[in-house]
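Written below as structure tokens is the structure these notes are about.
FYI, it's all coordinate maths here, none of it is from the lab. Keep in mind that this is a model prediction, so the values were computed, not measured. Please note: Cβ atoms are built from the backbone with ideal geometry, for glycine as well, and neighbour counts cover all protein chains shown.
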Amino acid sequence: MSAGSVSKQELVLTLKGKTSLNLELKRHLAPKTVGTIMRSIPIEGNAHMIGTSIAFVDTTIRAGGEKLRTQFKKGDVGFLASNSSICFFIDDISSTKSMTLIGKVPSNIESLKDVKPGDIFTITQAGT
């Protein structure tokens, strides 16, 4: 049984050896994309940074763009269909690439500024 409601899925984002954060995926923001991601849990991949404002994890998830946007707020979580990445916005940003808003990291997003080459992100169901 999954944690959360039908619309909001409670997950845990872990930067191995460094930090764990609550992660909420919200089905009403992008039903197809969130459904595809939920069926792919657990997700594990290399952690990367774009400047100091975006941390992301590469995935093998195949989903098209859905309700695309370029404006994101601190704590937002987006899916970049062109390279199958899940992106975590550490600051408010206007992106040059359109992404699908899929959820939020409700607190402590600043801890992702410590991402270094070789770090690993893991996304799992809450309570597992």
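What the table below lists for this structure:
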{"item": "For Ala47: the one exception among (1) in contact with a strand residue (DSSP E or B) (Cβ under 7 Å, 6 or more places away or on another chain); (2) surrounded by fewer than 16 Cβ atoms within 10 Å (Cβ to Cβ); (3) over 14 Å from Thr100 (Cα atoms)", "result": "(2)"}
{"item": "Criterion (among the small types (Gly, Ala, Ser), in contact with a Phe, Trp or Tyr (Cβ under 9 Å, 6 or more places away or on another chain), at negative phi and in a loop (DSSP other than H, G, I, E, B)) met by exactly one of Gly65, Gly78", "result": "Gly65"}
{"item": "Filter result for the condition that a residue is outside any strand (DSSP E or B), surrounded by 14 or more Cβ atoms within 10 Å (Cβ to Cβ) and at negative phi, over Ile37, Ile102", "result": "Ile37"}
{"item": "Residue list for region 11-30, restricted to those being within 23 Å of Gly65 (Cβ to Cβ) and either touching a Gly at 6+ places or on another chain (Cβ under 6 Å) or surrounded by 14 or more Cβ atoms within 10 Å (Cβ to Cβ) (or both)", "result": "Leu11, Leu13, Leu23, Glu24, Leu25, Lys26, Arg27, Leu29, Ala30"}
{"item": "Whichever residue in region 84-95 is among the hydrophobic types (A, V, I, L, M, F, W, C) and without any contact (Cβ under 8 Å) to a residue 60 or more places away in the chain and, among such residues, is surrounded by the most Cβ atoms within 10 Å (Cβ to Cβ)", "result": "Ile86"}
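Here is a yes/no grid of residues against (1) of a type outside the set (Ser, Thr, Tyr); (2) without any contact (Cβ under 8 Å) to a residue 60 or more places away in the chain; (3) within 18 Å of Ser20 (Cα to Cα):
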{"site": "Asn46", "(1), (2), (3)": "yes, no, yes"}
{"site": "Ile61", "(1), (2), (3)": "yes, yes, no"}
{"site": "Phe72", "(1), (2), (3)": "yes, yes, no"}
{"site": "Gly78", "(1), (2), (3)": "yes, yes, no"}
{"site": "Ser82", "(1), (2), (3)": "no, yes, no"}
